[in-house]
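Trainee: My structure is below; once you've seen it, I'll send some questions.
The values are calculated or read from the model by the stated rules, or taken from the named source; none is laboratory data. On a predicted model such as this, the values are computed, not experimentally measured, just so you know. Because the Cβ atoms are built from the backbone with ideal geometry, glycine has one as well, and the counts that use them run over all protein chains shown.
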């Protein structure tokens, strides 16, 4: 025995729903088409065609041939009217149609024409860069700057290209001394390669000078440049120290910033062993949640001779990580040659902002998680300016 389900719709209700659907679609299409025609008149653009829009009615015409002809003809007549003659949109019958009525503002068209007047005015980049009038505004044109090196990835890539440029210039200058038979054509070829790389980097970064170091470079990126630059020096070594509980808690509770506290300990410890070094590092915390070892550790770079790596490793372990318990390959003090200055510098600042927020919150005053000698900061600033001059040249 076959059970027939009763239709949920009353007799004639389906046709009524179809009528409402058709009417709502026609009305919405008329609205969209009229807006397109209005924009076409505003921008004097011939790309807004109505023929394609009218083709969408063909399927609905077949569904309701008796009613769709009147609806589509009405919508097409409305769509082809001038935008100025359009009145408020009539509210549809279909459920879900908005209950509000959009009224045309008599002054809106005038304001729109005024707002769109800038399209006919020639605009240059220098005008866009010109400062707005104010207390500190200058009458002369503002200096054009390129993009800021806002991320370690972008900064490292541009810095790598700049270092290769400097190395090529040194090599080209020394070629004649090494090979007197080198022709001018060969030198020009090398210079042409360097010019191509220069153009390539300008296309990536922009050909304006970099924004000012003091005003626009974040503390995180300044630390990136310090670590990057030091990692390219002769004798540079990467260093990771996982602090024991006693050392870490003393650094965090002391009156000085924790990074400065640890830096002074490292300097005094190495000075006792007659090791003088340039050094910079960043303090950060792991997020494992384990309490066996303290979460505080440092990543950075220092310069020491190759034959003293083992001695320095043992010395720093006794001074900063004697109570650290090694797990797996996580050594208390790990020193090795940098594999990539770019990669290592980016790795050292990956938690910079997070650590700065934590230290500032816990200590109740602004605290930065980095340590570096003033001379290294000056060298990093000079390196940044050299990159800026190269990009702007």
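Trainee: Just a yes or no: is a residue in the stretch 156-170 farther than 25 Å from residue 221 by Cα and at pLDDT below 70?
Mentor: Scanning the stretch 156-170 turns up no residue that is farther than 25 Å from residue 221 by Cα and at pLDDT below 70.
Trainee: Can we say residue 265 is more than 17 Å from residue 376 (Cα to Cα), at pLDDT 95 or above and surrounded by fewer than 21 Cβ atoms within 10 Å (Cβ to Cβ)? It would help to see each step written out before you state the result.
Mentor: On the way: more than 17 Å from residue 376 (Cα to Cα): yes; at pLDDT 95 or above: yes; surrounded by fewer than 21 Cβ atoms within 10 Å (Cβ to Cβ): yes.
Against the criterion (more than 17 Å from residue 376 (Cα to Cα), at pLDDT 95 or above and surrounded by fewer than 21 Cβ atoms within 10 Å (Cβ to Cβ)), residue 265 qualifies.
Trainee: Being more than 33 Å from the chain's Cα centre (by Cα), under 17 Å from residue 285 (Cβ atoms) and either buried (at least 18 other Cβ atoms within 10 Å of the Cβ) or at pLDDT 95 or above (or both) is the filter here; which residues of the stretch 323-354 pass it?
Mentor: 324, 332
Quick grid of which residues meet (1) under 15 Å from residue 373 (Cβ atoms); (2) part of a strand (DSSP E or B):
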residue: 221; (1), (2): no, no
residue: 225; (1), (2): yes, no
residue: 248; (1), (2): no, no
residue: 256; (1), (2): no, no
residue: 262; (1), (2): yes, no
residue: 271; (1), (2): yes, no
residue: 276; (1), (2): yes, no
residue: 283; (1), (2): no, yes
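Trainee: OK, next. Looking for whichever is surrounded by fewer than 19 Cβ atoms within 10 Å (Cβ to Cβ), farther than 30 Å from residue 355 by Cα and within 30 Å of the chain's Cα centre (by Cα) here; the options are 191, 163. Which one fits?
Mentor: 163
Trainee: So is residue 230 at pLDDT 95 or above and within 30 Å of residue 211 (Cα to Cα) or not?
Mentor: For residue 230, the condition - at pLDDT 95 or above and within 30 Å of residue 211 (Cα to Cα) - is met.
Trainee: Suppose we filter the stretch 290-308 for residues that are surrounded by fewer than 17 Cβ atoms within 10 Å (Cβ to Cβ) and more than 23 Å from residue 370 (Cα to Cα); how many remain?
Mentor: The number of residues fulfilling the criteria is 6.
Trainee: Considering the stretch 362-387 alone, what residues qualify as being surrounded by fewer than 18 Cβ atoms within 10 Å (Cβ to Cβ) and outside any helix (DSSP H, G or I)?
Mentor: 364, 365, 366, 373
Trainee: Please work out which residue is modelled with the lowest pLDDT, limiting yourself to the stretch 355-393 and to residues that are in contact with a strand residue (DSSP E or B) (Cβ under 6 Å, 6 or more places away or on another chain) and over 18 Å from residue 281 (Cα atoms).
Mentor: Looking at residues that are in contact with a strand residue (DSSP E or B) (Cβ under 6 Å, 6 or more places away or on another chain) and over 18 Å from residue 281 (Cα atoms), I get 392.
Trainee: Taking the conditions exactly as written (surrounded by 16 or more Cβ atoms within 10 Å (Cβ to Cβ) and over 17 Å from residue 239 (Cα atoms)), does residue 390 satisfy them or not?
Mentor: So residue 390 fits the description; yes.
Trainee: What are the residues in the stretch 239-260 that are in contact with a helix residue (DSSP H, G or I) (Cβ under 6 Å, 6 or more places away or on another chain), surrounded by fewer than 24 Cβ atoms within 10 Å (Cβ to Cβ) and closer than 14 Å to residue 316 by Cα, if any?
Mentor: Residue satisfying the conditions is 247 alone.
Trainee: Can you pull out the residues in the stretch 305-320 that are under 24 Å from residue 376 (Cβ atoms) and touching a strand residue (DSSP E or B) at 6+ places or on another chain (Cβ under 6 Å)?
Mentor: Step one: of the stretch 305-320, the residues under 24 Å from residue 376 (Cβ atoms) are 305-309, 311-313, 315-316, 319-320.
Of everything in the stretch 305-320, those that are under 24 Å from residue 376 (Cβ atoms) and touching a strand residue (DSSP E or B) at 6+ places or on another chain (Cβ under 6 Å) turn out to be 309, 313, 316, 320.
Trainee: Give the residues of the stretch 303-317 that are closer than 21 Å to residue 258 by Cα and touching a helix residue (DSSP H, G or I) at 6+ places or on another chain (Cβ under 8 Å), sorted by residue number.
Mentor: 315, 316 - these are the residues of the stretch 303-317 that are closer than 21 Å to residue 258 by Cα and touching a helix residue (DSSP H, G or I) at 6+ places or on another chain (Cβ under 8 Å).
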